[in-house]
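The structure appears right after this line, and notes come after that.
The values are calculated or read from the model by the stated rules, or taken from the named source; none is laboratory data. Just so it is clear, the model here is predicted, and its values are computed rather than measured. Cβ placement follows ideal geometry from the backbone for every residue including glycine, while neighbour counts extend to all protein chains displayed.
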Amino acid sequence: MYKFLILFLGVFLVACEKAPPAEVPVAQTLTREANGYYCLMTVVYHDGPKGQIILDDGKVLWFTSVRDTISFTLSPEEPKNIAAIYVNDMADADWEKPGFDNWIDAHTAWYVLGSNKAGGMGAPETVPFSTKAKAEVFVAKHGGTIHKFDAIPKDYIVKTAS
């Protein structure tokens, strides 16, 4: 009986010590004051989809391309205290003006790699979509292949980021 009581109390105390899951911060509206993390240029002046990474301390890092956004997550030199990653949903966006508030969670997006569309700095882009169907329509028009976030070949991101 005592063993059961001690076991129960031990499990109860361990469960109580667990921190509640952190709330995921919401995407921020892109403004003309947002500068690219790597290039320090005004993000809104670049074509193609953009990205934002929100760190645990609330700091928002802006990127002129989705490729650069993903590259940040792969770099061993960059912070790993990432609370959220958002990318423009290009499902109904204009390439020259992809939007200020059409953000989707980067981990749930469908990405087109290898299309004929260049990103924010004129380099090959990783184009995000909220649905696979919209990504397929884009591929039919602009070429490329479709991937989920965790299946994007790392050498594609690193090769095109340099």
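So for region 122-129 (the condition being farther than 21 Å from K154 by Cα, within 13 Å of the chain's Cα centre (by Cα) and surrounded by 18 or more Cβ atoms within 10 Å (Cβ to Cβ)), does at least one residue qualify?
No: zero hits.
Please state which one of T69, T108, T29 is modelled with pLDDT of 95 or more, over 23 Å from I157 (Cβ atoms) and hydroxyl-bearing (S, T, Y). Steps first, answer last, please.
Working: T69 fails: over 23 Å from I157 (Cβ atoms); T108 fails: over 23 Å from I157 (Cβ atoms).
The conditions single out T29.
How about region 131-152: which of its residues are more than 14 Å from V66 (Cα to Cα) and not in a helix (DSSP H, G or I)?
Residues satisfying the conditions are T131, G143, G144, T145, I146.
I'm trying to understand the selection: among the residues of region 92-121, which are closer than 13 Å to G144 by Cα and under 12 Å from the mean Cα position of the chain (by Cα)? Before you say what the answer is, go through the steps one by one.
Within region 92-121, the first condition is being closer than 13 Å to G144 by Cα, and the residues that meet it are 110-118.
Hits for region 92-121 are W110, Y111.
Checking T73 against (1) exposed (fewer than 14 other Cβ atoms within 10 Å of the Cβ); (2) out of contact with any helix residue (DSSP H, G or I) (no Cβ under 6 Å at 6 or more places or on another chain); (3) free of Cβ contacts under 8 Å to residues at least 24 places away in the same chain, which single condition isn't satisfied?
T73 satisfies all of (1) exposed (fewer than 14 other Cβ atoms within 10 Å of the Cβ); (2) out of contact with any helix residue (DSSP H, G or I) (no Cβ under 6 Å at 6 or more places or on another chain); (3) free of Cβ contacts under 8 Å to residues at least 24 places away in the same chain except (1).
Of the conditions (1) more than 23 Å from Q28 (Cβ to Cβ); (2) exposed (fewer than 14 other Cβ atoms within 10 Å of the Cβ), D94 satisfies every one except a single condition; which number is it?
Condition (1) is where D94 drops out.
Taking the condition within 22 Å of V43 (Cβ to Cβ) and in contact with a strand residue (DSSP E or B) (Cβ under 9 Å, 6 or more places away or on another chain), does P128 pass?
Working: within 22 Å of V43 (Cβ to Cβ): yes; in contact with a strand residue (DSSP E or B) (Cβ under 9 Å, 6 or more places away or on another chain): yes.
Against the criterion (within 22 Å of V43 (Cβ to Cβ) and in contact with a strand residue (DSSP E or B) (Cβ under 9 Å, 6 or more places away or on another chain)), P128 qualifies.
Could you list, in sequence order, all residues of region 39-64 that are touching a strand residue (DSSP E or B) at 6+ places or on another chain (Cβ under 6 Å), crowded, with 16+ Cβ neighbours inside 10 Å and either among the acidic types (D, E) or in a loop (DSSP other than H, G, I, E, B) (or both)?
Scanning region 39-64 gives G48, P49, K50, T64.
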